[in-house]
1. Expressed in nm to one decimal, what extension gain is obtained for the pair residue 371 and residue 433 from 0.36 nm per residue of sequence separation less their Cα-Cα distance?
2. Relative to the present Cα-Cα distance, how much length would full extension add between residue 251 and residue 10 at 0.36 nm per residue of separation?
3. Subtract the Cα-Cα distance of residue 165 and residue 188 from 0.36 nm times their separation in residues, and report this length gain in nm to one decimal.
4. Taking amide H atoms as placed 1.01 Å from N in the peptide plane, list the residues 5 or more away in sequence, or in a different chain, whose amide H sits under 5 Å from that of residue 12.
5. Provide the convex hull volume over Cα atoms per residue for the range 259-441, in Å³.
6. At a Förster radius of 25 Å, what calculated FRET efficiency corresponds to the Cβ-Cβ distance of residue 387 and residue 62, to the nearest 0.05?
7. Summing Lys, Arg as +1 and Asp, Glu as -1, what charge do residues with Cβ under 13 Å from the Cβ of residue 335 carry, residue 335 excluded?
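Every read-out reported here was derived from the displayed coordinates using simple, explicitly stated rules and does not represent laboratory data. A quick note: this is a predicted structure, and the numbers were derived from the prediction, not measured. Here the Cβ positions follow ideal geometry from the backbone for every residue, glycine too, while neighbour counts run over all protein chains shown.
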Amino acid sequence: MSWKRRQDGLLAMINFPPYSLQMLTSRHVLVGGGGGSSKTGIANGFEIFEISHNGQQFVAEEVTRYETGPNVVMNSATYNNGKKIWLVAGQESHCQLYNIQLKVVTAENGEISKKYNFPKREDLRQRRKGSKEEPSLKRENIEDIKNDSTTEKHKKLQLLIKPADSIQTDFGSGQPLQRVVRISPNGNIMATGGTDGLIRLWHFPQLNSLHELKGHSKEIDDIDFCPKSKQIATVAKDGKLIIWDVNTFNKNKELSWNPSDAEKCIFKRCRFRKTVADDNPSNPKLLFSISNSLPSRDRSRSKMHYGFLQQWNVDLGQMDRVVKYKENLSELAVSDDGKFVAVGTMSSGTVDLFIAFNLQRLLHVPNAHNMFITNLEFLPTSLDGPAITSNCETAVISCSVDNKIRIHSVPYRHTLPFWLFVIFIIVSICGAFILCSYLGL
């Protein structure tokens, strides 16, 4: 049975269209987007929010804003090794590398202390202007200190964005554009794809060219690494979903599926299931994808568009399960523990959450946004730092060009109460005695 909600928790309203979501720590989410290079008056850049739970709902507080000038942020990826955080962002035909520095700012009675000052930057605007070095990500995120003068001090984590190298990753004719970027789970390889149809692999974080994968004839839509960083999945507008071997750069499998001979679909997104039990034969390597039907050339046929959420067994190269939608799908996300899958729709701005292994729907949020979903990101369970304490089993963040950031949570699924279980046992025993007496046993 699935939960159904309308207008789940609003985290933030921002002043630019968001296209990318990335979790930086266990409670900090980065939102990237913008209005483009034209003089629209809409800024391009990032905002970082700290998420917490007040006992009733999730809330978000902006902690950092960074503007990227005329370059809109259409896609991004992050890597956190427990000591450093890197951010890569697609800006037109280039990929920009950033270092995320963590500072601790001190507030006295709700006001930031003025004895600490950040270095001034023309392109960096901070809401809080105090800092102190943070030696480890594992330190408590918020610390309360009280002195004899009853002045209450709070220390909060501040994240500073520092630009580093920039490289051109797409060389398509016309207007080259990087459409997707991913970093492998082991942090050694970065993969990019764009309008020229090539998958480019780079040494990370040096950003030196490693290899080019040639298998698609049209622009790349999505890329994802498997949890062991040994395989990479790619989808493009040519309708292909290809599994590559990262070590040999060879094509392992090419997956394809259409609902019928008369209906054709094109893949939109792909995500491997994230799990630490990949070496266990009883846990098959799963890949999730979303695809959308193409308009029929037969005018007598229905003009309705369909979307599909698919679960694939990568080793066997076959599809195990599929969920059909009566509208196109726009986004896909898988939780870092491999237990949940989230889908965002194109027309209605709906968000759905599923159990990963059987695609049973847990949560349905119709019209979560006024327009199509541009990105989805689960709250992490494995990043360093104190986790958000809440009464939910999982939660996913969504964004849309309606400039809203929302969070959708699933409460813990409770089992039968102990007293009901005891009554069930007693009734079962009594029933067994009555049946034995009736049969004369």
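1. Stretched fully, the residue 371-residue 433 segment lengthens by 16.2 nm.
2. Contour length minus Cα-Cα distance gives 82.5 nm.
3. 6.6 nm
4. Long-range HN contacts for residue 12: 405.
5. 228 Å³
6. 0.75
7. Cβ neighbours under 13 Å give a net charge of 0.
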